[in-house]
Amino acid sequence: MSDYGKTYGLWRDAAEPDWTAYTRHAFVQGLGDGTLPRSAFLHYLRQDYVFLIHFSRAWALAVTKSETVEEMRHAAATVQALICDELALHVGVCAAEGIAEAELFATQEETANLAYTRYVLDAGHSGDLLDLLAALAPCVIGYGEIGARLAAEHGSDGPYGEWIATYAGEGFQQACRDVGALIDGAMARRLGDDPHASPRWQALCDRFRTATRLEIGFWDMGMAGA
């Protein structure tokens, strides 16, 4: 079982080789060893700021798709973490570079950003909570996996140490474990103890894999900003 839950581990394995291409992308490797051009990092941060706004809206949608108060609490807590904690990282780093938050908010979305955020929102509007969580999971828990690995391999003293420390930190890691538990609970509640036997299983794996492919495109977009 994955540290982030049973379902997540199964979805991740089913998404290979795209999952490795996402979590070990050249952009990610550059964050770890400090070789990523600063211009690429700032370009990514600006796009990711806008992405997180839409991502927060998608998690807010998860509240309305929930069937229990517990599910609602998990989703609401994630919205809080995104808006108050993760966005603060982007604002702080960019402010140090002379980029104000108003300028971040006015960032024009690139095609890769539009494709990803609208895919996630469409998954939520057209499907149920499982469809939405399958589309959301590669970003939330994937970043936790990436952050933990980079911290273990490179530490957090390099030029992108603050980014690594944020996603490797206990606060974000706990958020990933909570999301993993939410997914497992939602899966059991809707598909029973043997979700593999459900005709929906493959479609949910496909949603997760599509979101993973869109994550690869997001890193490609970041590299193009160098």
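What follows is calculated from the coordinates using simple rules that are stated; it is not laboratory data. It should be emphasised that the depicted structure is a prediction, and the values quoted were computed from it without experimental measurement. Heads up, the Cβs are rebuilt from the backbone with ideal geometry, glycines too, and the neighbour counts pull from every protein chain shown.
Testing the spin-label approximation: label points 7 Å from Cα along Cα→Cβ at Ser39 and Ala88. State their distance in nm.
In this crude spin-label approximation the distance works out to 3.2 nm.
With charges only on Cβ, +1 for K and R and -1 for D and E, what is the dipole size of the chain about its Cα centre, in debye, rounded to 20?
In debye, rounded to 20, the chain gives about 380.
What percent do you get for the relative contact order of the chain when only Cα pairs under 8 Å and 6+ apart count?
Relative contact order of the chain: 39 percent.
Can you give the FRET efficiency for Glu103 and Ala77, using 1/(1 + (r/R0)^6), R0 = 35 Å, r = Cβ-Cβ distance, to the nearest 0.05?
So, using R0 = 35 Å, E works out to roughly 0.75.
If we count other beta carbons within 10 Å of each Cβ, what is the order of Lys65, Lys6, fewest first?
Fewest to most other Cβ atoms nearby, the residues stand as Lys6, Lys65.
Dimensions of the chain along principal axes (Cα, Å, largest first)?
Sorted from largest, the Cα extents of the chain read 50, 34, 31 Å.
If you take the charge dipole of the chain about its Cα centre, with +1 on Lys and Arg Cβ and -1 on Asp and Glu Cβ, which of His25, Thr64, Leu182 is farthest toward its positive end?
Thr64
What FRET efficiency do you get for Thr64 and Asp220 if R0 is 41 Å and r is their Cβ-Cβ distance, rounded to the nearest 0.05?
Calculated value: 0.80.
Along the charge dipole of the chain, pointing to its positive end and built from +1/-1 on Cβ of Lys, Arg, Asp and Glu, which listed residue (Cys84, Val140, Val120) has its Cα farthest out?
Val120
For the chain, what are the DSSP H helices with axial Cα length of 27 Å or more and mean Kyte-Doolittle hydropathy of at least 0.5?
Sorted by number, the helices that extend far enough and score high enough are 129-154.
Cβ under 12 Å from Thr64's Cβ, Thr64 left aside: what net charge do those residues give with Lys, Arg +1 and Asp, Glu -1?
So the environment of Thr64 carries a net charge of -1.
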